[in-house]
Amino acid sequence: MLKQIICDKFKTQPEAFRTGLNVVLGSSDGSNAIGKTTFLLILDFVFGGDGYTKAAKDVINHIDHHTIDFIFEFDGISYFFSRSTSRPSVVNRCDSKFRVIEEMPLQKYRGFLFDEYKIHLQGISFSEIVDRFFRIYGHGNHNEHKPLQGERETMATAVEYLLKLLDKFQDIQKLKTAEESYGIKPSKQIERSVSDITAKIGENKEKITALEKRRDKLCQQNEEANLQALGIDSKQAEKLANIKKELGRLIRRKSLLTSQLNAVQNNMPENDGVLRKDFSALLRFFPEANIDAFNDVETFHAKINSFLRADIEEEVSQLVPQIEYIDADITSYEKQIEDTGVAKTLSQSILTQYARVSREIERLEDENEAMQSEMEQSKKRKEIEDILANLRRKQEEALKSAETEVNAEMKRINDIITGGDRATPVLTLKPDKSFEFETPNDKSEGTAYKGLVVYDLSMLSLTPLPALIHDSSIVKRIEDADFEQILSLYQECGDMGKQVFIAFDKADTYTDDTYRMLDEATVLRLSIGNELFGKSWSRKTAETKHKPISTFGSNDEQETE
């Protein structure tokens, strides 16, 4: 437990702390800006919190960086520490004179407190425990309607922390781990049932059987070419069919070119353009004949034949290579067919049909294989869904158990506070890890803040939470009669070895019993002229009565320096 806080900047050093209730008491006129909230932040600081150096910058601006010395006591042994605002990430382990023995990183110091307070919880740190219940103005955890939830925290996260505190998080962690591992969320369902897949596989098998019979019949149409025996699959059959088709085209093309070549060669003129005929013998019979005219005609004919012959020779020179190329392709294709063992006489039609049937068989077999895999995956997914459903049931059971346990303790505490004649706050935890918190049929502000305190006291009782801090902005909103009973419950927390720290003022306006309990539990008294650090820099003069301006808020919630 925390025993002492010392700082050479304090005007008045607080008394030693005790188990049960510890009060930081303000003046009877309710003066603000005297240091009540600031001291609560310092309490948070010595418990390993970060709020003091972040929220109380005005303190540092006016009194400079300073060191807080403090003492914890566990099992009768005192432990001395110091922590400076200039190096808040370090906590010093000290001797009894506060001389530094060891510098501890803040995380290590928090681990020390976790161990010494004998907190045997998993998945939660010391700061995550106490931060939720150190309700200091400005911390963002003052929502009286959602006491489980921090300012920037989801409901699910808040509920998970509650279950961690109650040591009921194991099943929820298993579910989260399983969902992340399997990649299956509750919204995902099996697309097809196993029976539907089985029926489709059977239907495909019937089709395969019929297609195989058809393929066998195709093979029987030509005994020389048993394609199955030769190991010809659909792709090879399709390729052979294409070869056959191309071979037929080439043979037809060769026949056409050969016919064209023969025709051209048959039309080749004999005359190569040289004048071969002699017309001089005609003069014996026709002395008057014009031999030169005959020679001119013959010369003309020779020239025409020369031109024709050249054209035909050119055409022949083009046809012959084409036929040779086609012959080479025909030889290549015939060799490919010969290598497969398929008879050249086997028709392209049979090969095409064989390829089509074989391809359909392969498609159906692939589909069946895929559906078989899907069926196995579906069975596996069903097993996983069963596992997750069981884990979800356990999560719901954990939530219900936590809800029942907290509500029962809140009822016990509320009955003490109200005498059992007023409604108890009720916590409802839903399967999706959202929650509701309300006092049925009573929406008043005082009841709402009483509900928050009742929740905190129940958690102090049910969990290893070592301490509570309640700022005056919470407790002063509670009805006077209820507050008196709450003070008694705060004090009784000492029986569990736990501590409660509250800030309060105007104690003399309450009943004598309330005043007496507050007075007896006071560890630090603050007022104008006796501020925590000996001065109030938010006031123009010590006598100013108007509300001061503070970094922590305004109006009646201003509790800082």
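Structural remarks
- Residues that are surrounded by fewer than 19 Cβ atoms within 10 Å (Cβ to Cβ) and either of a type in the set (Gly, Ala, Ser) or not in a loop (DSSP other than H, G, I, E, B) (or both), drawn from the stretch 134-157: Gly140, Gly150, Met155, Ala156, Thr157
- Residue satisfying condition, being surrounded by 23 or more Cβ atoms within 10 Å (Cβ to Cβ) and of a type in the set (Asp, Glu), within set Asp471, Asp482: Asp471
- Identity of the residue in the stretch 447-468, out of contact with any helix residue (DSSP H, G or I) (no Cβ under 7 Å at 6 or more places or on another chain) and open to solvent by 10 Å² or more (accessible area, probe 1.4 Å), that ends up nearest to Phe169 (Cα to Cα): Pro464
- Among the candidates Phe45, Phe10, Phe39, Phe17, the residue that is closer than 13 Å to Ile136 by Cα and either under 40 Å from the mean Cα position of the chain (by Cα) or not in a helix (DSSP H, G or I) (or both) is uniquely Phe45.
- Answer from Ile60, Ile6, Ile77, Ile71 - the residue that is in contact with a Ser or Thr (Cβ under 7 Å, 6 or more places away or on another chain), surrounded by fewer than 16 Cβ atoms within 10 Å (Cβ to Cβ) and over 22 Å from Leu487 (Cβ atoms): Ile60
- Criterion: aliphatic (A, V, I, L, M) and more than 27 Å from Arg18 (Cβ to Cβ) - qualifying residue of Val100, Val59, Val91: Val100
- For the stretch 413-423, the criterion of being open to solvent by 20 Å² or more (accessible area, probe 1.4 Å) and closer than 29 Å to Asp171 by Cα is satisfied by no residue at all.
- The stretch 120-129: number of residues that are surrounded by fewer than 22 Cβ atoms within 10 Å (Cβ to Cβ), closer than 16 Å to Val159 by Cα and in contact (Cβ under 8 Å) with a residue 40 or more places away in the chain: 4
- Meets criteria (touching an Asp or Glu at 6+ places or on another chain (Cβ under 8 Å), farther than 17 Å from Tyr137 by Cα and at pLDDT 60 or above) for Ala507: yes
- Taken over the stretch 413-444, the residue count meeting the criterion of being part of a helix (DSSP H, G or I), touching a residue at least 40 places away in the same chain (Cβ under 8 Å) and either charged (D, E, K, R) or under 13 Å from Pro147 (Cα atoms) (or both) is 0.
- Some residue of the stretch 84-107 being under 30 Å from the mean Cα position of the chain (by Cα), free of Cβ contacts under 8 Å to residues at least 40 places away in the same chain and more than 25 Å from Thr404 (Cβ to Cβ): yes
- The single condition from (1) open to solvent by 50 Å² or more (accessible area, probe 1.4 Å); (2) modelled with pLDDT of 70 or more that Ile172 fails is (1).
- Flag if Val406 is in a helix (DSSP H, G or I), surrounded by 18 or more Cβ atoms within 10 Å (Cβ to Cβ), free of Cβ contacts under 8 Å to residues at least 40 places away in the same chain and β-branched (Val, Ile, Thr): no
- Members of the stretch 201-215 found to be within 13 Å of Asn368 (Cα to Cα) and either among the small types (Gly, Ala, Ser) or open to solvent by 70 Å² or more (accessible area, probe 1.4 Å) (or both), listed by number: Gly202, Glu203, Lys205, Glu206, Lys207
- The single condition from (1) under 60 Å from the mean Cα position of the chain (by Cα); (2) farther than 30 Å from Lys200 by Cβ; (3) modelled with pLDDT of 65 or more that Asp327 fails is (1).
The values are calculated or read from the model by the stated rules, or taken from the named source; none is laboratory data. Note that this is a predicted model, so its numbers are computed, not measured. Using ideal geometry, Cβ is built from the backbone for each residue, glycine included, and neighbour counts are taken over all protein chains shown. The area values use the complete protein model at the heavy-atom level, side chains included, leaving out ligands, DNA and RNA. Shrake-Rupley method; radii C 1.70, N 1.55, O 1.52, S 1.80 Å.
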